[in-house]
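This report concerns only the one structure given below.
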Amino acid sequence: MKFKYLGTAAAEGFPAVFCNCAYCNAARQKGGKNIRTRSQAVIDEDMLIDFPPDTYAHALHNGLNLGRIKHLLVTHSHMDHFFPQEFEMRGICFAHDMPEKEITVYCNDTVKDLFFHINTGKIHEQVLANIRFVTVETFVPFQAGEYTVTALPARHTQGEQSLIFIIEKDGKVVLYGNDTGYFYEEVFTYIEKHGIRFDLISLDCTLVNNSVPDTGTHMGVDQVRRVTERWTAAGAVTDKTVKYVTHFSHNGNPLQAELVKSAKKIGFCVAYDGEEILL
C-alpha cells in the first residue's frame, strides 16, 4: 500500500490565506516543508481521503491523475474537507477520456445533502449519473473496491457526524484520524474488541503544544500521546506501527523543525505535504 499526504494543514492553510502573524511570515520566508495546504491524502492513486479546494493544486504538484480516482472518503462537510463545486469539472465540456468514468463518494448525510444543494441545476445530469454516493454507518465495515473501510465517529462537529476511517488493503491497516478531538470511548472499545493492529496511524495534532480539553474538536501532543499509550497497551499499536501527526494550524504552532522536536518526544513523525509512505 502506498499512502501519500497531499496536504497537511488545517482549514486556513499554513501560512494562512490572509494572515501576517509571526508563524505565517516565517513559513513564507523559509518555505519547503513549512508550506502546508489543506489536508488530503491518496492511497494507491485510486482512493482519495477528503476533497478540499486545494485538490487541483495537489494533483498538479504530485503528478496525480484525478481521472483515475475510483473512491472518495469524506470525513465531514467543512469547506477544507469537501469542496463540491469542483465536481462540475467532470462535465462533458471539461473532462475528456477519464480512465474511470464513475467515482463513488463515501460520506455522511450532511456531505451528500451539501453536494446536491450546491450542484443541483448546475451540473449536467450525465455528470451526476457518474457520481455515486454511499452513506456510511459508523462501526459497520464496507467494501470500496479492493479496500475494506470502517467509519468511526469523530469528535468534531455539532449537528453532523464527522468521521475518521480505518482502511484495509492487502493485509495493511491504516487509521486516518483527523479532524477530531480526543476519541470517544466507543472508538477505543471497538478497536480493542476487534483486535485491530495498525500498520499506520495518522492523527490530528492541530494544536500541538497548546492546552486542549478532551471535549474539544482537535487534539494536541498530549491527547495524541494518551491515545497511543492506550492502543499500545491493547496491542493495536506496536513497535512496527508507523506513527504520524498531521493537520496543523498557525494558531500558536511552530514550524516544521520545532514540530519534529515535539512529535519525536512521543515517538511520532510529522507529516508534510507530498510525503509518501510505503507499507
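The values are calculated or read from the model by the stated rules, or taken from the named source; none is laboratory data. Everything numeric in this text was worked out from a predicted model, so none of it was measured. Every residue, glycine among them, receives a Cβ derived from its backbone with ideal geometry; neighbour counts consider all protein chains shown.
Hand me the list of strands (runs of 3 or more DSSP E) wholly inside the stretch 1-96 holding 1 or more residues that are free of Cβ contacts under 8 Å to residues at least 60 places away in the same chain and not acidic (Asp, Glu).
Per the criteria, 40-43, 47-49, 71-73.
Return the residue satisfying two criteria in turn: it lies in the stretch 170-200 and is free of Cβ contacts under 8 Å to residues at least 60 places away in the same chain and of a type in the set (A, V, I, L, M), and of such residues it is surrounded by the fewest Cβ atoms within 10 Å (Cβ to Cβ).
Step by step, filter the stretch 170-200, then rank; the result is 196.
I need a count of the residues in the stretch 226-242 that are within 20 Å of the chain's Cα centre (by Cα) and either surrounded by fewer than 18 Cβ atoms within 10 Å (Cβ to Cβ) or within 23 Å of residue 13 (Cβ to Cβ) (or both).
1
What is the residue count in the stretch 161-194 for residues that are within 14 Å of residue 141 (Cβ to Cβ), within 18 Å of the chain's Cα centre (by Cα) and not β-branched (Val, Ile, Thr)?
Matching residues across the stretch 161-194 total 5.
Hey, does the stretch 256-269 have a residue that's in a loop (DSSP other than H, G, I, E, B), modelled with pLDDT of 95 or more and under 19 Å from the mean Cα position of the chain (by Cα)?
Yes, because at least one residue in the stretch 256-269 is in a loop (DSSP other than H, G, I, E, B), modelled with pLDDT of 95 or more and under 19 Å from the mean Cα position of the chain (by Cα).
Return the only residue of 102, 125 being in contact with a strand residue (DSSP E or B) (Cβ under 8 Å, 6 or more places away or on another chain) and exposed (fewer than 15 other Cβ atoms within 10 Å of the Cβ).
Answer to the selection: 102.
List the pairs whose first member sits in the stretch 214-238 and is part of a helix (DSSP H, G or I), whose second member is surrounded by fewer than 18 Cβ atoms within 10 Å (Cβ to Cβ) and not basic (Lys, Arg), and whose Cβ atoms are under 7 Å apart, counting only residues at least 6 apart or on separate chains?
The qualifying pairs are 221/209; 221/266; 223/214; 224/266; 225/266; 228/266; 230/188; 234/192.
Suppose we keep only residues that are charged (D, E, K, R) and at pLDDT below 95 within the stretch 103-132. Which one would you say is farthest from the chain's Cα centre (by Cα)?
Going through the qualifying residues, I end up with 125.
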